[in-house]
Amino acid sequence: MEASANITSDPSVPSISTSAVLGESMEMPSDTPICKGYDFNNGIDLTSMLQSALVTGFQATNLGLAIEEVKKMRRWRMSDVPFENLSPIYKSDDNLQDIEVRKKIRAKIFLSFTSNQISCGQREVIRFLAQHKMVDVIVTTAGKNKLIALKIHSYMDISQDTFGFAFRI
């Protein structure tokens, strides 16, 4: 990228630096979503709130994309794939030629998370998903004090530590 001499009038700031930070804007395609959060003035609707995550920002957008992907996985059945398009390993099973058999075969949903999710408020979400058979397999790391957190409450300690708060077990 060639730096423009007209980007800054301050000779002490290298133009290559300002061109990297203050690069030229370009017009966005007309169908580009606008970043905005959920409008609570329209009432509280969980489905709409989760749907709005797709345009709320980077982390929320990725959450929204993950929600959409999980919806697809929960809807998917092997019958969605024509028999002739199945992997050779499945084609060798004569039972799978029957569409009714393939309708009963669904995607296996794996939930993977780091152990710190157990000692925070996500523990209840994970429990709900497992309890209601919304995931088939759970893969996680295990910290020694995370096992304790499965049985007792975690507390938020609003104190003067480095980050302004801490979780206490």
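FYI, it's all coordinate maths here, none of it is from the lab. A quick note: this is a predicted structure, and the numbers were derived from the prediction, not measured. Because the Cβ atoms are built from the backbone with ideal geometry, glycine has one as well, and the counts that use them run over all protein chains shown.
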| note | Output for segment 54-125: trypsin sites (Lys or Arg not before Pro) sitting in coil per DSSP, at most 13 other Cβ within 10 Å, listed by number, reads Lys104, Lys108
| note | If Met28, Met134, Met78 are placed from fewest to most neighbouring beta carbons inside 10 Å, the sequence is Met28, Met134, Met78
